[in-house]
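No value in this document is a laboratory result; all are computed from the given coordinates. Predicted model, so just to flag it, every value in this text is computed and none were measured. Reconstructed Cβ throughout: ideal geometry from the backbone, glycine too, with neighbour counts over all protein chains shown.
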Amino acid sequence: MSWQLPLPQALRGLQPKRLFWKIFLSLWLAIATIALAVDWVVDALFQRELRAASELSIGYRAELASGLIAMSLSRDGVEATRQLFEDWAGKRPMPVMVVDERGRDLIDRPVSPMALAQARQLLREKPAATAVHDILAHDGDRYLLFVPLPLLPATPPSQHVYQTPESFTAELITLTLASLLFAAGLGWYLYQPIRHLHEANRRFAEGRLDTRIGPLIGHRSDEITDLARDFDDMAERVETTVEARTRLLYDVSHELRSPLSRMQVALALIRQNPQKGPEMLDRLAYEIDRLDRTLNETLALSRLESRSPVPEEECINLVALLEEIVNDAQFEAGFDSHRIELEADGNVLVKGRGELLRRAFENAIRNGMLHTPADASVHVRVAAPRCGRVCVSVRDRGPGIGEDQLSQVFEPFFRGRVATSGHGLGLSIVRRTIEAHGGTVSAINIPSGGLCINLELPVLALEPEAGQSPG
């Protein structure tokens, strides 16, 4: 059964629930119990020490002073003794206490109950004690004479030594209120970020992917704050993924619309003029092939964006792999067209999936060929590994790209330069593949002309082992 506060309907969302009351009550009971236990132990120890401590002065000076007052009280009476106290001319007041049977001093000085109790006990145990006297005065009252230790407390004895029921009740109320306030503050301190997390999860589940909890938590430093930061990281990643998938879906639908429209036109022309059938069938075959390649590259990009672990990893000779790709690309382009130059010093081994890396480097090199004039060359260079990483640069001789578009060149379906026959997915696949292998990709403009794409990968070794075949 949950505990609910009688709050208005408008404030029902801010009402603490069961977790807060569990934290609050647990802390309060623990704090109150500890406070009462400590108070009881300290008070018991204090009372024991007071009982063990001596409150009487029993030296020869005390014997002399108490004997003088005892003689005056028994011979001259109460009034003469009171006058003796008033007329005393010593440097210090007369230290002898003259206490009647009701526990009051003759001249109304505060009486220490501990000293009085010790004086009575000493008189019972040693009736002949010379520092304590029991005198029967002329008025018929009995008086107990003793000399307490100096510096008697100025406060009433009941407040100095023993706790009265009223003082104990006041102390209990104070401890209860203090523990309530402390437990409420600490309970709210622990409950508040959990409440923020609950509200953030609810909003996130409703589809508000921009929900963040970090600004609400503040500058705390504990495990709950770490959980809130993890939630923000998760929310940001999910929001980015959903936005990327939505944008990719929009771009794919846009890319598919044009070839489908051309196919519809070709079919309409065939119906109108059957003699153009062979020509239009070739056109349909071309558009179908284009659609197939677009869908295949889109599926490949989608699998890479899922950030799943790279399967079937193997040791790959990077230089040998690039040599095969360069030879294949040069053969397809024709030896009288583009020239592809490969520069590498020694062999470099990397770990990954050969087919994925082959496709990534092929896309980067073909992109350079696409934007390089027929009489120019594409330069592929494998730099010497540094800090456990190797950089492969692919430089074309094209017009380059605007500086404000460099950050978009690896986005799906982006075409920043002159219109080409590509789909705008090649460099996106390059980036996703290299990042899936723990690397990075960047693009820079060359001052002399052209675009340079840099692909960095972690390195396993510089030279292949004996008998190692390229991946």
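Couple of notes before you dig in:
- From phi via Karplus (6.51, -1.76, 1.60), per-residue ³J(HN,Hα) for the range 203-219 in Hz, x at Gly/Pro: 5, 5, 5, 7, x, 8, 6, 8, 5, 9, 10, x, x, 6, 6, x, 9
- Inter-label distance, nm, simple model (7 Å from Cα along the C-beta direction), Ala383/Asn327: 2.8
- Backbone N under 17 Å from the Glu343 label point (7 Å along Cα→Cβ), restricted to the range 444-461: 444-455
- Here the Karplus relation 6.51 cos²θ - 1.76 cosθ + 1.60, evaluated at θ = phi - 60°, turns the backbone of the range 29-40 into coupling constants of 4, 5, 5, 5, 4, 5, 4, 5, 5, 5, 5, 5 Hz, with x for every Gly and Pro.
- Stretch gain in nm, segment Asp289-Thr246, where the contour uses 0.36 nm per residue and the Cα spacing is subtracted: 13.0 nm
- Counted by Cβ distance under 12 Å from Val96, the other residues give a net charge of +1, where Lys and Arg count +1 and Asp and Glu count -1.
- Two-site label geometry, Ser74 and Asp404: point separation in nm, points 7 Å out along Cα→Cβ: 11.7
- Sites Glu125 and Arg92 - FRET efficiency at Förster radius 25 Å, r taken between beta-carbons, to 0.05: 0.30
- Summing charges over neighbours of Lys351, with a neighbour being any other residue whose Cβ is under 10 Å away from its Cβ, gives -1 when K and R count +1 and D and E count -1.
- Ranked packing of 117-125, 451-459, most packed first, by mean Cβ within 10 Å: 451-459, 117-125
- Cα-centre dipole for the range 60-148 with unit charges at Cβ (Lys and Arg positive, Asp and Glu negative), debye to 20: 360
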